[in-house]
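Participant: One structure follows; several queries about it will come next.
The values are calculated or read from the model by the stated rules, or taken from the named source; none is laboratory data. Just so you know, these numbers come straight off a predicted model, no measurement behind them. All accessible areas refer to the heavy atoms of the entire protein, side chains included, with ligands and DNA or RNA removed. Shrake-Rupley method; radii C 1.70, N 1.55, O 1.52, S 1.80 Å.
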Amino acid sequence: MAFQYIIVPYDGSAHAERALDHAVQLAGELQAQLDVVYVDSVQAELLQQPLIIPTHELEAYFTDEQQETRERLNRMTERAHPARVNIIQGHVGKAIVHYATTVHADLIVMGSRGLGTIQEWMLGSVSHYVAQHAECAVTIVK
């Protein structure tokens, strides 16, 4: 099976860096579409809580942070064409699976460990969740 649509979740961890390198190389060899997906799980949770800080200030902060993340990821994927960077929100594992299903991805390439929270460690890793719930093939890079 030739993969034509590859997504790679990215969180800045060393494992995600290696997964991104692998996905960029694979997408280039297969001439596949590559989407780099950054899941912002903090913003969605934080903005739903009662806050002392005005919401508009937090939204401006997150907008700036997302722009910086997008620019950094665009630089990292310059050698992969076509490549897109998408920033999505939600629970990390669920958001990745939902995104992959929505775009009809053929393959998810992801790191075996990320910058997850203690909660994710206690409940199971994101890569394990994705491998169990994704409808497409999943490659986990160490």
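Participant: Out of residues 5 or more away from A137 or on other chains, whose amide H comes under 5 Å of its own, with H placed 1.01 Å from N in the peptide plane?
Facilitator: I108
Participant: Determine how large the accessible area of Y38 is when every protein chain is in place; take a 1.4 Å probe and give Å² rounded to the nearest 10.
Facilitator: Estimated to the nearest 10 Å², Y38 gives 40 Å².
Participant: Under the Karplus relation 6.51 cos²θ - 1.76 cosθ + 1.60, θ = phi - 60°, what is the ordered set of whole-Hz ³J(HN,Hα) values for the range 18-26, x standing for Gly and Pro?
Facilitator: 5, 5, 5, 4, 4, 5, 4, 4, 5
Participant: Further question: With every protein chain present, what accessible area does T102 have (1.4 Å probe, heavy atoms only), rounded to the nearest 10 Å²?
Facilitator: So the heavy atoms of T102 present about 80 Å² to solvent.
Participant: Determine ³J(HN,Hα), in whole Hz, for all residues of the range 103-112 in sequence, where each value follows from phi through the Karplus function 6.51 cos²θ - 1.76 cosθ + 1.60 and θ = phi - 60°; x replaces Gly and Pro.
Facilitator: Once rounded to whole Hz, the list reads 8, 6, 5, 8, 8, 10, 10, 9, x, 6.
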